Each structure stands twice: as structure tokens, then as C-alpha cells.
């Protein structure tokens, strides 16, 4: 019985202790024992008229006090130790970056409900905007841009000439180009950039908080008071598009905004009736929604019902350009199209001329004008030659190479050894010392042999006739797979990639080949025979590259015979070299 009594006393004592703690907490809370703010409020906040930023943590609001008591998630009783007084704050989270509140004056201790009843309906409403951590902008609610708009700053509507609102590459930004109206006082030409930070809705009213910067005075020092603005907006659909009515606050608060037609500045944004709403890229381009530049540094992605092209870094990190199809000028045989696009780079925009070419295999080429024009019809007026951008997909399919045969490399170590042997044979006939000369060549070959010193090559000699292989006397080799070819006049183009790829070398190349120029015929082949020049470029099929003359690395090849595995092409190889050596100058950017 004694043991049972001890157990009973221990359990009873534990229960009593917990009851005492709960009662103490209740009493403590009733006298303002403490509370906490929502975790998402912790950080630094901007408040108009307040010097510096306001810091909020789990229990304190700087300059307001510590959380003493709370009710219904939005009413807080704060104790200000410096003045030994209490104030009620009714705080509403409109957005994770926007807090709005009303408050009482600091007064002696009383219940939360009694102090909060002192807040009247017409009490000032304060807005705080988060500064740290740095807010992440969100998509602006005004779309699809561009818009023309009128505005009013209290002295009448500025309608002629119309102002213009244009989207930026980043959908969270909008460029506002204000025009000055000669008949409306107080209007002026100006360019502002709006960064949209937060939106919310109260009943039928929609709010936006953003930051405005003066594009023409970017380097000037401005304060948060000058940049934060609140907007009320309302959208209306019509047969002609979308119209937005927008009212803007006159300072860094949301005060004085009751409707989309009443504010320090009001605007009416109307969709521009641009032709690109009826223009689309052809199916032979958008069948693959993602294309890559030849060196894989940029991605070309078609979106939005095949009317928009986005150009960005290959990893998708930074949007660089957005091109929207405006109008098609020429479309030939599903292989060539010329069109005008509306181009957006950052917050700059204009019109540019684009030309797409469909090549063999999953290969496109693009010519894009670099200068933007305000008038669409002027974009393709220039006749100068535009550079080519070679685009490929991730699903390249091996194809037969357009060149076939086995070759020796001129200018290689083995070729230099043969030339020295010929000279040594002539010397030995006169001096009787040919063996010593030959031995010296062997030692030099061993010393000079290094990666990239190829002495032979075979083109299209694999079973599927879709590879190019270069071999070195060191036992090293590089093999490329052919993925498609085409020709322009006397110049041929081939897209190929090494089978063994590494991160330090480009993955795909453009090989360009043509008949060798007469000077090369004479110097290499003694003035006779059919000759061919070949170059490889890593970035694109650059028309400025002369086959056999330009490139990172050059090799001259002489034909040794046809591919043993492909008798079908024996006659072709024989025609290419009927009497003398066939010369192929090869430039391969990845051999080193």
C-alpha cells in the first residue's frame, strides 16, 4: 500500500504542477504575457515617411513595440517599453510583400478589445512594402502588350499623340513611353519602367504595387519614396482586344485610391491592333519547339501558339530576346521564309527582318537583322548580307557523308618524313650516306608525334557511310558522324560531330568544302588534277570562311583510293582524281 500511495502522490503532484503552469500562463497572457507574429512577416519593410527601414521579427515591430496579446489573427496589442504604454495594431497581409495596418495612439494598459475599439473607420491606412529579402517580381497584370494609352494628370486627357506601353523580355516589367500633348498643360515626353511586385483583390477592386524608374535618368540617385507606387486597375474585354483603366497613387502609399478612374494619374491602355496576332511561324520550323545554336550556347524556343520565339542562354538562365511574328513577306517551298518580327531585348523593342532556311536533316539556318526599326515595313529594306546562325535539334539523325575516299595528310609528320627521305636519297646517291639520313628522320618522327598530328583520313568509309575518321601515327584517331548536308553554288556544307565528345570541345561542327583555288592547285598538285578544300567551324556555317584557307587547324589531303567497303562509290572517287593527287584542306577545330 505504501508503494501505491507514493505512486498516487507522484502522479497527483505532476497533474497539479501542470495545472499551475497552465493557470500561470493564462494569468500571464491576460496581463500581456506575450505573443508572436506570423513567420512570413520577419524581415525589413519600407514605410512611407519613416526614416530607414522597419525591422520585424517574431515578437517585435521596430518603433512600435513587442507583441503582448493577439486576437483573431489580425489584432495585436503591442507594448512599448520606452514609453511604458500599449497600442493596438490591426494588420492585414495583402501579399507576402505588402502589409497594411491601422493603429491607435500609445495609451495606458487596458484590454485588447478596449484599446482596439479606439480605431475608427476613417483612421489612416498605412502600407509597408518588403525590402529584404529582395522581392521577386511577378508578371504584370497588363497583357498582352503592346498597348497604346492616354493619360491624365489632372489637367485633361493627353490623347494625341498617343503614348505607348511595351512589354519587356521579363514579363514582370512594362515600359511606359509618355508623349507630350501640345494642347494639354503639364504633359511631357518621358519613359518610365514599371516593375510589378505584388497584386491582390478586395471585392471588385484590383491592386498592384510596383516600382517605377526613370529610364532617361537611370544614373540619378532616387529614394524608395520616389519609386514605390500603388495602382488600382480594371480590365475590360471587347471585340478589338483588351482595355485597362489604371489609377496611380501620388506617393509611396495606397492612400486615395478608390477606383480605377480616380488617382493622381489615370491611364487608359488599349491593345494595339498589330498584325502579329495573325502571324505564325511555319510548321517546318516549330515541329521542333526547341533548337540550339551549333555551339550549344543559346536555346531558341518557340512558344505561344507558334507565334513567339524566345532566345536565351542554353541553360535557360537569362532571357535575352523575344521575337513575335509580325508579318510574312515570302514563303518558298517550305524551305525558305522571310518575315518581320517584333523584337524585345530587355525593355527595348522594335522590328527586325528574319530569314529561315530548312536544311537537310534536323538543321535550320537563320539570318536575323541586328538593327531594330520602329516601322515594321522598314525592317527588311536593307539589302546587306546578314550573318548565318546555324540551328540544330537534340535529335540529330546520322546521314551519309557527301564526300567519300581514303586520304593521306599533306604537311603532317609522315609527309614531312617522306619529303626528307626524298631529299636524303638524292644526297646519298652523291655521298653514299642514305642510311644515316633515313635514321635521323625516324628519330624526329618519334620526337614530333603528338595528338592532332594526323597522317591519314577516311571519309564515308564506314558500313553506313556516315563517318569521317582521322588517324595519327601515334595510334590516336578522331571520328565524326555526318548529320546532314546541303550546297550553295560551288560550296558544300556538312554538319558533323565527334563520336567521342568532351566538355572542353564543341560538340558539333559545320564543315565547308569546295574546289581548291588555282593557287592551291599549283602549289600542292603541281598545276594538275581535281582539287577539293574543306574547313570546319565550331560556331556556325560562317560564309566569311574560305574553305581550305581559314580555320583553327588545317590539313591538306591527297587521295589514296576509294573506300573498300563501298564499291558503289569507286567510280566517283576515280572521277575526282583521274590523273593526279586530290587535295583536301581540312580545318578541324576540335583536334586539339
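Every test in (1) crowded, with 16+ Cβ neighbours inside 10 Å; (2) modelled with pLDDT under 95 is passed by residue 132 save one, and that test is (1). Residue 408 satisfies every condition listed in (1) in contact (Cβ under 8 Å) with a residue 60 or more places away in the chain; (2) part of a loop (DSSP other than H, G, I, E, B) except (2). Mind checking whether some residue in segment 21-32 is at pLDDT below 95, in a loop (DSSP other than H, G, I, E, B) and exposed (fewer than 13 other Cβ atoms within 10 Å of the Cβ)? Yes, segment 21-32 contains at least one residue that is at pLDDT below 95, in a loop (DSSP other than H, G, I, E, B) and exposed (fewer than 13 other Cβ atoms within 10 Å of the Cβ). Restricting 372, 309 to residues that are over 29 Å from residue 509 (Cβ atoms) and assigned by TED's automatic domain parsing to the domain that holds residue 290 narrows the list to 372. Looking across segment 480-497, the residues that are assigned to a strand (DSSP E or B) and surrounded by fewer than 16 Cβ atoms within 10 Å (Cβ to Cβ) come down to 487, 488. In summary, strands (runs of 3 or more DSSP E) completely within segment 226-343 and bearing 2 or more residues that are without any contact (Cβ under 8 Å) to a residue 60 or more places away in the chain occur at 228-238, 241-248, 298-303, 308-313, 319-332.
Residues are listed down the side, and each one gets a yes or a no for (1) under 25 Å from the mean Cα position of the chain (by Cα); (2) surrounded by fewer than 18 Cβ atoms within 10 Å (Cβ to Cβ); (3) touching a residue at least 40 places away in the same chain (Cβ under 8 Å):
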{"residue": "156", "(1), (2), (3)": "no, yes, no"}
{"residue": "159", "(1), (2), (3)": "no, yes, no"}
{"residue": "168", "(1), (2), (3)": "yes, no, yes"}
{"residue": "178", "(1), (2), (3)": "no, no, no"}
{"residue": "188", "(1), (2), (3)": "no, yes, no"}
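When residue 307 is tested against the conditions (1) surrounded by 18 or more Cβ atoms within 10 Å (Cβ to Cβ); (2) at pLDDT 90 or above; (3) in contact with a helix residue (DSSP H, G or I) (Cβ under 9 Å, 6 or more places away or on another chain), the lone failure is (2). Of the residues making up segment 347-370, those that are closer than 16 Å to residue 322 by Cβ, part of a strand (DSSP E or B) and touching a strand residue (DSSP E or B) at 6+ places or on another chain (Cβ under 7 Å) are 349, 350, 351, 352, 354, 366, 368.
Rundown of residues vs (1) surrounded by 12 or more Cβ atoms within 10 Å (Cβ to Cβ); (2) over 30 Å from residue 497 (Cβ atoms); (3) at pLDDT below 60, yes/no style:
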residue: 361; (1), (2), (3): yes, no, no
residue: 378; (1), (2), (3): yes, yes, no
residue: 387; (1), (2), (3): yes, no, no
residue: 395; (1), (2), (3): no, no, no
residue: 430; (1), (2), (3): no, yes, yes
residue: 445; (1), (2), (3): yes, yes, yes
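Of the residues making up segment 184-205, those that are closer than 19 Å to residue 350 by Cβ and in a strand (DSSP E or B) are 191, 192, 193.
Report yes if residue 101 is surrounded by 15 or more Cβ atoms within 10 Å (Cβ to Cβ) and under 17 Å from residue 34 (Cβ atoms), otherwise no. Outline the logic, then answer.
Numbers: surrounded by 15 or more Cβ atoms within 10 Å (Cβ to Cβ): yes; under 17 Å from residue 34 (Cβ atoms): no.
No, not satisfied.
Looking at this structure, is residue 344 surrounded by fewer than 18 Cβ atoms within 10 Å (Cβ to Cβ) and either modelled with pLDDT of 90 or more or within 18 Å of residue 308 (Cα to Cα) (or both)? In short, no.
The values are calculated or read from the model by the stated rules, or taken from the named source; none is laboratory data. Just so it is clear, the structure is predicted and the values come from calculations on it, not from any experiment. Note that each Cβ is placed from the backbone with ideal geometry, even for glycine, and that neighbours are counted across all protein chains shown.
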